[in-house]
Structure formats: structure tokens, C-alpha cells
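Structure first, then comments.
The values are calculated or read from the model by the stated rules, or taken from the named source; none is laboratory data. For clarity, every value in this text was computed on a predicted model and none was experimentally measured. Neighbour counts are summed over all protein chains in view; Cβ atoms, including those assigned to glycine, are modelled from backbone coordinates with ideal geometry.
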Amino acid sequence: MIVEKTHLKDCYVLEPRVFEDHRGYFFESFNANNFQKKTGLVIDFVQDNESKSSKGVLRGLHFQIGAYEQSKLVRVVQGAIIDVCVDLRTDSPTFLQSFSAELNDENKKQLFVPKGFAHGFVVLKDNTIINYKCDNFYHKDAERGIIYNDNDLNIDWRLSKDEIILSEKDEVLPTLSEYLNEN
């Protein structure tokens, strides 16, 4: 597994070694020992989530707070997404900076999103299946979010506003400054 540092502290792109032949392919999607050796981070994933979405669906930017913060390891099983994370850790040297990467079923790359980050993705192909591991359980009362098109974050989602499909919940998320002023 190749582990690439991003410009955000503790955020990594993982690229597995893929073994292909006439039967198909095999790869190890995660190995805790290798991950710890290459990043210095100890992760104990406790929950796996999967979603299927149509092109244009944008989910995010989501996170949990307090004792319920989650690290995530995100990968695409089928299709393609732009995966985005934002560092919300006030003590971090990369506070309020964002990172994005295209994850798809061809490059098989994964994004490790540490605790204290907002996370979201936009789907680039119909019938995209996303799988992600979490190191903490979902807790509804700790759930928070920031509107995807926040002017201060200025994230390039690579789709026009007319192409983006949001849930009712994601349409009314606060801006970054609203969130920061409340907390």
C-alpha cells in the first residue's frame, strides 16, 4: 500500500497494490499494521457504511463532535466521486484548509479523513457505490454540518449548482462562519 501525505495534517491518500490477472483482481483495502507503520496513527475501525448514489448527488459536509468524532477511510466500489475534507481542528496548522481527490473504481484510491474534519463527496457517475470505515459509532445528537458551497471554503465540486442534488437536511446546513460563531 502506498500512503501519500496530503497538505492537511493527518490526512492521507491510500493506494493499494492491485494484483490483476485473467480472473480479475485482488487487493488488500486496509491493513492496520501497515497503516500505523506508514502514518504513526493507530486506528480501530468499528463501523462500515455504504451508500449508492446517482450522478450529481452531494452528501456533506458532515462531521460529529465531542466524544463522537470519527475518522473515516473512504473508497469507491463502483463509479466515481470527488471526495472533500476540511480541517476543523482549531489547534491544527491546517485549520480551515480543505483537500479533495477523485476516488473511483479504476484508481482504487482511498481517502483517510481524521477526527475533527468535515467530510463530503459529490458523485460523478450514476450508480456509484461508496464504502467507508469509521472509528466511532454514529451518534445523531453529535451530528453537525457545513453548507457545501460555503464562500469561505470555496470548494471546487467540479459540477455546476444546477447539476447538484442535495438532501433537505444538507440544503439548510449553516455556513462555516455561522458554525464557528455558534461553537
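Please go through segment 49-62 and pick out each residue that is within 26 Å of Asp152 (Cα to Cα) and out of contact with any helix residue (DSSP H, G or I) (no Cβ under 9 Å at 6 or more places or on another chain).
Result: Val57, single match.
Kindly indicate whether Arg144 is assigned to a strand (DSSP E or B) and not aliphatic (A, V, I, L, M).
Criteria met by Arg144.
Hey, any hits in segment 97-119 for a residue that's at pLDDT 95 or above, of a type in the set (A, V, I, L, M) and either assigned to a loop (DSSP other than H, G, I, E, B) or over 18 Å from the mean Cα position of the chain (by Cα) (or both)?
Scanning segment 97-119 turns up no residue that is at pLDDT 95 or above, of a type in the set (A, V, I, L, M) and either assigned to a loop (DSSP other than H, G, I, E, B) or over 18 Å from the mean Cα position of the chain (by Cα) (or both).
Is it true that Glu163 is at pLDDT 95 or above, closer than 20 Å to Gln70 by Cβ and either surrounded by fewer than 15 Cβ atoms within 10 Å (Cβ to Cβ) or of a type outside the set (Val, Ile, Thr) (or both)?
No; evaluated as a whole, the condition is false for this residue.
Cβ-Cβ distance below 7 Å, separation of 6 or more or different chains: which pairs start in segment 124-140 with a residue that is closer than 20 Å to Trp157 by Cα and modelled with pLDDT of 95 or more and end on one that is exposed (fewer than 12 other Cβ atoms within 10 Å of the Cβ) and of a type in the set (D, E, K, R)?
Listed pairs, sorted by first residue: Ile129/Glu50; Ile130/Glu50; Asn131/Asp48; Asn131/Glu50.
Counting residues that are surrounded by 12 or more Cβ atoms within 10 Å (Cβ to Cβ) and not β-branched (Val, Ile, Thr), which strands (runs of 3 or more DSSP E) fully inside segment 1-67 reach at least 3?
12-15, 47-53, 58-64
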